[in-house]
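Report on the structure given below.
The values are calculated or read from the model by the stated rules, or taken from the named source; none is laboratory data. Since the model is a prediction, treat every value here as computed from it, not as a measurement. Quick reminder, even Gly has a Cβ in these numbers, built from the backbone with ideal geometry, and neighbours come from all protein chains shown. When the accessible area is computed, the model is the full protein with side chains, heavy atoms only, and any ligands, DNA or RNA have been set aside. Shrake-Rupley method; radii C 1.70, N 1.55, O 1.52, S 1.80 Å.
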Amino acid sequence: MRLLPLISLCLLPGVLGAQGKFAYKLMNDLFANYSNALRPVEDMDKAMNVTLQITLSQIIDMDERNQILMAYLWIRQVWFDSYLRWNKEDYDGLDTIRIPSSYVWRPDIVLYNSADDQFTGSMETNVVIRYDGQIMWDSPAITKSSCKVDVSFFPFDGQQCRLTFGSWTYNGNQIDILNGLDTGDLTDFVENVEWEVLGMPAKKNVITYGCCSEPYPDVTYTLMLKRRASFYIFNLLLPCVMISFLAPLGFYLPADSGEKVSLGVTVLLALTVFQLLVAESMPPSENVPLIGKYYIATMIMITASTALTIFIMNIHHCGPEAKPVPLWAKKFFLKYMSRIFFVYEVGESCSRPSPEAERPPKVQVMNREAKLDNSASNVKNWQESVAKKNAAMKEDLDWKQENEGEKRPGCGECPKLQCLCHNERLLKNIEYMASCFREQKAAQKRTGEWKKVAKVMDRFFMWVFFFMVFIMSVLIIGKAI
């Protein structure tokens, strides 16, 4: 039993040598009178069946801007050659041989929608010839095919790229193309980092072109792709969403900070940069991508917020010469809207304004000097008391003049503290000071009311724009779920 392996090893070179001799003999016998220029059929009126099978190995590149799909394919073609048959018993049981494909006739099946500028085609590999005349040709090919790209839902889009194979010169009466499988083979597919392959169905079509009356069959493989959007979400979408939420915060900035308009302009410039990045990779078509629509809507919103900020700042900086706030504006902004959006000035409570804020200033006179207080009623009381004292002094002087027969002294001769004319002059000065203070206080009140109206408008538009940004972000992120 141990001698059998040794005997087989000794006889193996002889067996291989014998098969090699029969292979050379078969090669000489088959191609003695063979020509690879003509279609190898015995009856020229009959069509030759060519079975086509495509295996997708890898997606090399998807150029959306130029609408070109670059893929690595394995193309298998099977047909029968009537002139390449032999009896395998005559050649020591040799049933298959492998020879260069250039030795035999090959169908001129090409990719109809090829976008390759060099027309490289398939690699020159060997063919496998079986004793019954069946020829199987497996050849790898890197194809560039035109693909209609629809970027309406970028980066949550899916593409359908068609690969159409057919004979370039033979019509359907000469070569009939058949599907090897109902779908492309994806068993050896190398996963792509950007695209997910959902399927590759195959369909046979028979088309009659306008130039010719004969039918031309072809097999179309539809490559169904879905984009992996994680890269674009983290690098294009989320930064835009975060930047968009900064736009409404411009309304929350104090008007005196001087940074409200600068924030809006900075956010607008940042979004413009992202918009240019998206535009560089998209085809210049009428279909605006979804993320581009989001950018445009956000930029329009930020432009509107900047314009409203400028308008509100003009209201905030209304000077003392400004007209009073209209009654409807007081009722709408200062009474209702301020409570809804919790806009209160210093000293106000959340329920009602403090009475101290509504109290006018007081005026007191001490030692011939006028002093301001927070009660206008004290000024009136003081004026009444001074008038009573002056009347009493006048009656006293009249009584003395009647009883003593003396002349009433003139205003220039009487003491200043008791003279009525000096008191009247002092009252006029005090009234002038009080009126000036009232005018100043009224101007400050008008200015404060306009500032409060501007602040209420800021809060109102801040929440409106926050709501708009939230809705737009939910809509676009909802496409990814």
Suppose we take every Cα in the stretch 32-115 and form the convex hull; what volume per residue is that in Å³? 146
Amide H neighbours of Tyr216 under 5 Å, counting only residues 5+ apart in sequence or on other chains, H built in-plane at 1.01 Å? Gly172, Ile207, Thr208, Tyr209
What fraction of the Cα pairs in the stretch 58-182, stated in percent, has a spacing above 26 angstrom? 36
Which shape class applies to the stretch 194-333: rounded if a/c is under 1.5, otherwise prolate when a/b exceeds b/c and oblate if not, where a ≥ b ≥ c are the square roots of the Cα gyration tensor eigenvalues? prolate
I need the phi-derived Karplus couplings for the stretch 213-224: 6.51 cos²θ - 1.76 cosθ + 1.60, θ = phi - 60°, integer Hz, Gly and Pro marked x. 8, 7, x, 10, x, 8, 10, 10, 9, 9, 8, 9
Mind listing the long-range amide H neighbours of Gly184? Cut-off is under 5 Å, sequence gap 5 or more, other chains count too, H placed in the peptide plane at 1.01 Å from N. Met200, Ala202
At 1.4 Å probe size, with the rest of the protein present, what percent of the exposed accessible area of the stretch 212-335 is carbon and sulfur atoms? 71
What list of ³J(HN,Hα) couplings, whole Hz, do you get for the stretch 432-440 from phi and the Karplus terms 6.51, -1.76, 1.60, once you set θ to phi - 60° and write x for glycine and proline? 5, 5, 5, 5, 4, 5, 5, 5, 5
Taking loop as defined by DSSP and a crowding limit of 13 other beta carbons within 10 Å, which GluC sites (Glu not before Pro) in the stretch 279-323 fit? Glu286, Glu321
Cα-Cα over 24 Å: which of Lys144/Lys204; Lys330/Lys455; Lys260/Lys331? Lys260/Lys331
Could you work out how far the C-alpha centroid of the stretch 184-216 sits from that of the stretch 94-140, in angstrom? 19
Rounded accessible area per residue of the stretch 206-261, 1.4 Å, Å²: 51
